[in-house]
Amino acid sequence: MDFQQAKRKKERGQTNEEFLKWVFEEVKDFEQISITVEYPSGSIETFFSQEESLSLVGMLEVGKQQILTDMQY
């Protein structure tokens, strides 16, 4: 484990790799997936499994609302 991974684990309780592993262990059957990452440079990129843009935008909007709701608690 390199320094950045150790720092993430200390701050968040898990590394990014551990988080992704947990997600794929918990969620076995899904139609689509999108993953948004922030690189150390600060740039942000989203990867997704389907080319249907409207459905993807809807998924991301639901995710945004879920995050905002979580932030209220």
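Each reported figure results from applying straightforward, stated rules to the coordinates on display, with no laboratory input. Bear in mind the structure is a predicted one, so any value in this text is a computation, not a measurement. Counting neighbours? That spans all protein chains shown, and the Cβs are built from the backbone with ideal geometry, glycine included.
Results for (1) within 15 Å of the chain's Cα centre (by Cα); (2) in a helix (DSSP H, G or I); (3) touching a residue at least 60 places away in the same chain (Cβ under 8 Å), shown as yes or no for each residue.
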| site | (1), (2), (3) |
| --- | --- |
| Glu11 | no, yes, no |
| Leu20 | yes, yes, no |
| Glu25 | yes, yes, no |
| Asp29 | no, no, no |
| Val37 | yes, no, no |
| Glu51 | no, no, no |
| Glu61 | yes, yes, no |
| Gln66 | yes, yes, no |
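Only one of the numbered conditions (1) loosely packed, with under 11 Cβ neighbours inside 10 Å; (2) within 27 Å of Gln5 (Cα to Cα) is not met by Phe19, and that is (1).
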